[in-house]
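The values are calculated or read from the model by the stated rules, or taken from the named source; none is laboratory data. The model shown is predicted, which means the values in this text are computed figures rather than measured ones. Please note: Cβ atoms are built from the backbone with ideal geometry, for glycine as well, and neighbour counts cover all protein chains shown.
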Amino acid sequence: MEIKKGEFVLISGASGSGKTSITRVINKLIPYYYEGELEGTVKINNDLVSSYQMFELSEIVGSVFQNPRTQFFNVDTNSEIVFGLENQGVSRDILKKRLKETCETLDINKLQNRNIFHLSGGEKQKIAFASVYAMNPDIYLLDEPSSNLDIPTIEVLKRHLSVLKNSGKTVIISEHRIYYLMDLVDKVIYMKNGQIQKSYSKEDFLNLSEDEIKAMALRCRKKTKLNIEMSNNEKHPYLQVSDFSIYRKDNCIINNMNFSANKGDIVAVIGSNGVGKTTFLRTLCGLHDDYKGDVLLNSKKTDAKKRRQKNYMVMQDVNYQLFAESVFAECKLGIENVSDDLIGEILNEFDLSDYKNNHPNTLPGGQKQRLAIAVGLICNKEIFVLDEPTSGLDYTNMVKTVELLKRYSKDKIIFIATHDTEFANLICNRVLDLEK
């Protein structure tokens with residue numbers, strides 16, 4: 001693989017094909033942080049990557065990881081944005097100037113001086129990008145930078161990437177959601193089973209048929225509008241949310257909501273980054289107790305403890321909820337009376353059977369996501385809640401996830417917080433817009 005200075009390159013392929021590994025080889029995290037044997041050479045500006053000290057390479061290559069939480073070193077956003085500059089020994093005057101320029105250019109002034117632990121997933125992604133942008137590297141490595149972003153913010157990201165390209169920066173992006181990059185890419189590298197199968201020019205890639213794109217497990221190349229065929233299933237609603245207001249640090253983020261749903265409903269919970277989608281889902285599950293109003297299940301008021309017994313939630317960052325020493329053990333952890341046959345069946349349907357003895361934390365992001373969803377289905381709760389479940393999912397696994405969730409939805413209500421309109425159109429029959 002050769003990438004010219006100033007090129008904009010998309011690394012594509014199915015989950016687990018090796019996209020993230022390519023980025024880790026370029027930024028030297030492989031083999032110096034992630035164990036394994038490395039053969040061959042990697043060069044930047046005709047110099048071996050292995051010849052660079054880490055601090056030298058960090059001035060040339062800036063990385064935004066798939067999970068931004070793994071690259072944070074500070075509690076507040078301002079300190080995080082300038083952390084790299086501080087480690088480069090930049091003077092305080094220049095540091096303040098770069099902080100101001102970065103926040104204004106990226107339009108994130110409202111995120112200044114915030115506690116990182118109180119940010120939404122999309123807001124964390126913005127801060128991770130800002131921390132790299134502030135350092136002004138020659139090469140930008142981004143691993144699924146749009147996975148937690150709402151549609152307007154993706155358009156903002158696209159504009160920033162366009163500015164980087166026009167200023168001569170080299171941009172390398174590993175991504176599943178590819179539609180927003182089609183105007184920018186110079187080259188598309190397609191990976192399969194750990195190998196580079198083909199390198200496409202922009203023109204050749206755009207000339208591929210939709211069937212060819214789907215066969216490669218790639219997502220749609222065009223922007224998809226939310227177009228859910230609404231069905232009304234509320235004659236005798238199983239779930240009723242009445243006069244529901246949710247608070248976060250004395251701020252009312254959801255005011256006087258009334259909503260109902262019945263078993264069989266799959267509800268898309270939508271809204272911009274930071275609007276309160278995750279907090280709403282956590283409250284529904286009994287994990288956030290600062291609220292007013294009633295939640296009724298089968299016409300009976302339920303407190304938080306009762307709701308925790310009735311709900312299962314797949315978090316936006318599934319690393320918080322994977323605890324066991326193997327994939328198979330994860331599927332049994334804390335679940336009573338579950339048969340090995342059922343676990344084997346669901347793991348097979350999620351293409352995880354070959355990894356049943358692997359430690360969950362060794363899996364790629366997409367496989368971790370599928371494992372968390374599989375565990376949720378095995379738990380078989382009446383209300384199943386998923387927070388941004390398509391992060392790391394290629395087209396093939398997205399369709400499989402849709403089919404499985406639909407099949408298991410008949411006796412439960414499923415809530416899905418998502419910005420992924422392609423996914424929502426395939427699976428949801430209801431929409432709950434938190435900004436209306």
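Just to be sure before I move on: is SER21 assigned to a strand (DSSP E or B) and in contact (Cβ under 8 Å) with a residue 60 or more places away in the chain in the structure I sent?
Criteria not met by SER21.
Of everything in region 280-298, what is part of a loop (DSSP other than H, G, I, E, B) and within 22 Å of GLY121 (Cβ to Cβ)? Give them in sequence order.
Passing the criteria: CYS285, GLY286, LEU287, HIS288, ASP289, ASP290.
Pull up region 20-49, narrow it to residues that are over 17 Å from GLU2 (Cβ atoms) and out of contact with any helix residue (DSSP H, G or I) (no Cβ under 9 Å at 6 or more places or on another chain), then point me to the one that is modelled with the highest pLDDT.
Looking at residues that are over 17 Å from GLU2 (Cβ atoms) and out of contact with any helix residue (DSSP H, G or I) (no Cβ under 9 Å at 6 or more places or on another chain), I get GLU39.
Scan region 30-48 residue by residue and report those that are crowded, with 18+ Cβ neighbours inside 10 Å and either outside the structural domain of ASN136 (by TED's automatic domain parsing) or not in a strand (DSSP E or B) (or both).
Listed by number, the list holds a single entry, ILE30.
Which of (1) over 30 Å from LYS192 (Cα atoms); (2) assigned by TED's automatic domain parsing to the domain that holds LEU184 is the odd one out, the single condition GLU210 does not satisfy?
GLU210 satisfies every listed condition except (1).
Only one of these conditions is not met by LEU322: (1) exposed (fewer than 15 other Cβ atoms within 10 Å of the Cβ); (2) touching a residue at least 24 places away in the same chain (Cβ under 8 Å); (3) under 25 Å from TYR395 (Cβ atoms). Which number is it?
Of (1) exposed (fewer than 15 other Cβ atoms within 10 Å of the Cβ); (2) touching a residue at least 24 places away in the same chain (Cβ under 8 Å); (3) under 25 Å from TYR395 (Cβ atoms), only one is false for LEU322: (1).
Could you list, in sequence order, all residues of region 47-106 that are of a type in the set (Phe, Trp, Tyr) and more than 24 Å from the chain's Cα centre (by Cα)?
Going through region 47-106, the residues of a type in the set (Phe, Trp, Tyr) turn out to be 52, 55, 65, 72-73, 83.
Within region 47-106, TYR52, PHE55 qualify.
Considering (1) in contact (Cβ under 8 Å) with a residue 40 or more places away in the chain; (2) under 19 Å from the mean Cα position of the chain (by Cα), say which one SER146 fails and leave the rest.
Unmet for SER146, out of (1) in contact (Cβ under 8 Å) with a residue 40 or more places away in the chain; (2) under 19 Å from the mean Cα position of the chain (by Cα): (1).
Please list, ordered by residue number, the strands (runs of 3 or more DSSP E) wholly in region 201-279 having 1 or more residues that are aromatic (Phe, Trp, Tyr) and surrounded by 19 or more Cβ atoms within 10 Å (Cβ to Cβ).
Of the strands (runs of 3 or more DSSP E) lying wholly inside region 201-279, those with at least 1 residues that are aromatic (Phe, Trp, Tyr) and surrounded by 19 or more Cβ atoms within 10 Å (Cβ to Cβ) span 239-248.
State all residues of region 3-18 that are at pLDDT below 95 and of a type in the set (Lys, Arg); if no residue qualifies, say none.
none
Go through region 288-303 and count every residue that is in contact with a strand residue (DSSP E or B) (Cβ under 9 Å, 6 or more places away or on another chain) and surrounded by fewer than 17 Cβ atoms within 10 Å (Cβ to Cβ).
Number satisfying all stated conditions: 9.
Of the numbered conditions (1) in a loop (DSSP other than H, G, I, E, B); (2) more than 15 Å from the chain's Cα centre (by Cα); (3) within 24 Å of ASN67 (Cα to Cα); (4) not basic (Lys, Arg), GLU336 fails exactly one; give the number of that condition.
Evaluating GLU336 over (1) in a loop (DSSP other than H, G, I, E, B); (2) more than 15 Å from the chain's Cα centre (by Cα); (3) within 24 Å of ASN67 (Cα to Cα); (4) not basic (Lys, Arg) leaves (3) as the failure.
Only residues that are outside any strand (DSSP E or B) and among the aliphatic types (A, V, I, L, M): list them for region 299-318, please.
ALA304, MET315, VAL318
With LYS28, LYS19 as the choices, which residue is over 27 Å from LYS214 (Cβ atoms) and of a type in the set (Lys, Arg)?
Going through LYS28, LYS19 in turn, the sole match is LYS28.
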